[in-house]
Structures are given as C-alpha cells and as structure tokens.
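K.L.:
Have a look at this one.
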Amino acid sequence: MPEARTVLPAPKLLNLISARADANAITLAARTSSRVAPCPVCAKQSLRVHSRYTRTLADLPWQGIPVTLHLHVRRFFCDEVNCHRAIFAERLSGVVRHYARRTERLDCWFTHVSFALGGVAGSRLLKDLGVVVCGETPLNHIRSTQLQDHETPRVLSVDDFTFRSGTRYGTVLVDLERRELVDVLPDRSADTFACWLSEHPGVDDSEPGPWRRVR
C-alpha cells in the first residue's frame, strides 16, 4: 500500500517545490527527483528531455482539507534505434497511474471505501474525510477496478450490493479463508453466478454455506 503518512506520495521519487494553504484548500507543487527515465516500451534509460507539462492530481486530504498536487512531469526522447516509441512521458509508479487524476494512495482510500460501503454511503464517508465526490464515483471506481488473478477459493462468500438503489444490483465474491476479494459480478442473478462457478471449479459446495446467498 502506498505511504500515507508523508507530505508527498513516494517522497523518494519527488521533490517538493512549494506549498500553499488557506482555510479551504491546500496546494502542493512537486517534480520528479530522478535525472533519467526508462522508456515504457523498451526500458532503455533516457537523459534527453523533450518537454515538460503539469499534471493536476487529487491527493490525501490534510485534517479534512482537500489537497491538490501540481506535479511537473517530463517527456523524454527514446534513443533506442529499434524502439517504435520516439517520445514518452515518464512513468511514476508508486505516485500515480498513467492518465489517472488521483494519486495511488488516494486511490487506495477509494478502493477500501467503495467496496466496504458502496455509492452514497461511501461518498458520505469520503466527504467527512475531506474528499467531495458524488454517489456514482465510488460505484464507477468499483467498475473500473482491475482485480488480480486468484486461485479458485474453497470457501466462498457471496453477497449482493447496489449499483443504483432499487434498479441495478451486483454480486461480490470473497474468499473467506484468505479474506480476499475474488470477483465482482455485473448482476445478482443465479444464472450469472452459476456461470462463474462453472468457469471456476473447486468451490466446496458439499454443505450449505454463505456461497448460497445469491438468488
């Protein structure tokens, strides 16, 4: 999990340029500390800077006050002759994903809150913590989450949740032995769950248990 107790995300990768605070907002400016960057295609290190631009990111709030991070990022020339990428933007693993608008550590908040509370309740908690979003944002985060591959669980917990109250529901599958999220299904029908089970043989269904809760 990304470090949540430092002023900057991944402070070993970034240098703080400035900080400005008022009653309702905190704004940080930072730039990368490394002189080189690897090409995302061929992995060759490059020193030649093509241009610079600024990414505006939401970061963890401080004492309930929203934080905006202005991150100065560089584009580099790739000098590998056989690489088809002539120019690339430096990647900042541990800080922010490519094209994302939130830092990775704030994204971790969204993951925990979204899967624990869902839409409206999740947005209320985030607002209390200093992150103002609408009720659809946690649900969109659930839909966009890329789950890691897991071994088929032996003991499976199945429960439903609402994408949109009263109109659309989904199903969450949890490995009770490992206490890990396994998958999220687009609805709560028995047919969808049966299809998932047929694709993931190995769940112990010898006795009635929490896996039988889908209807």
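K.L.:
Does H112 satisfy the criteria of being of a type outside the set (F, W, Y), within 30 Å of D159 (Cβ to Cβ) and out of contact with any strand residue (DSSP E or B) (no Cβ under 6 Å at 6 or more places or on another chain)?
P.N.:
Considered against the rule, which asks whether it is of a type outside the set (F, W, Y), within 30 Å of D159 (Cβ to Cβ) and out of contact with any strand residue (DSSP E or B) (no Cβ under 6 Å at 6 or more places or on another chain), H112 comes out as yes.
K.L.:
Within region 48-58, is there a residue that is closer than 23 Å to L139 by Cα and surrounded by 13 or more Cβ atoms within 10 Å (Cβ to Cβ)?
P.N.:
Yes, some residue in region 48-58 is closer than 23 Å to L139 by Cα and surrounded by 13 or more Cβ atoms within 10 Å (Cβ to Cβ).
K.L.:
Can you pull out the residues in region 113-122 that are within 22 Å of E180 (Cβ to Cβ) and surrounded by 21 or more Cβ atoms within 10 Å (Cβ to Cβ)?
P.N.:
If the condition is that a residue be within 22 Å of E180 (Cβ to Cβ) and surrounded by 21 or more Cβ atoms within 10 Å (Cβ to Cβ), then V113, S114, G122 are the ones that fit.
K.L.:
Out of curiosity, is D187 modelled with pLDDT of 80 or more and either surrounded by 13 or more Cβ atoms within 10 Å (Cβ to Cβ) or under 11 Å from R154 (Cα atoms) (or both)?
P.N.:
yes
K.L.:
So is A89 closer than 28 Å to R164 by Cβ, at pLDDT 90 or above and of a type outside the set (S, T, Y) or not?
P.N.:
Taking the combined requirement at face value, the residue does not satisfy it.
Table: residues versus (1) crowded, with 20+ Cβ neighbours inside 10 Å; (2) among the aromatic types (F, W, Y); (3) in the same structural domain as A21 (by TED's automatic domain parsing).
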residue	(1), (2), (3)
V73	no, no, yes
D79	no, no, yes
R85	no, no, yes
A89	no, no, yes
A100	no, no, yes
L106	yes, no, yes
T111	no, no, yes
R124	no, no, yes
N140	no, no, no
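K.L.:
Okay, next question. Applying the selection to region 158-177, what residues are polar (S, T, N, Q), touching a residue at least 24 places away in the same chain (Cβ under 8 Å) and surrounded by fewer than 17 Cβ atoms within 10 Å (Cβ to Cβ)?
P.N.:
The answer is T162, S165.
K.L.:
Would you say V95 is closer than 27 Å to R48 by Cβ and buried (at least 20 other Cβ atoms within 10 Å of the Cβ)?
P.N.:
Taking the combined requirement at face value, the residue satisfies it.
K.L.:
Would you point out the residue of region 94-130, among those that are among the polar types (S, T, N, Q) and not in a loop (DSSP other than H, G, I, E, B), that is farthest from L185 (Cα to Cα)?
P.N.:
The extreme case among them is S123.
K.L.:
Taking the condition of being more than 21 Å from the chain's Cα centre (by Cα) and under 18 Å from L106 (Cβ atoms), how many residues in region 124-175 meet it?
P.N.:
0
K.L.:
Follow-up question, since we're still on this one. Tally the residues that are in a loop (DSSP other than H, G, I, E, B) and over 26 Å from the mean Cα position of the chain (by Cα), restricting the search to region 17-35.
P.N.:
Residues meeting the conditions: 3.
The values are calculated or read from the model by the stated rules, or taken from the named source; none is laboratory data. All values reported here derive from a predicted model rather than from experimental measurement. Cβ atoms come from the backbone with ideal geometry, glycine included; neighbour counts cover every protein chain shown.
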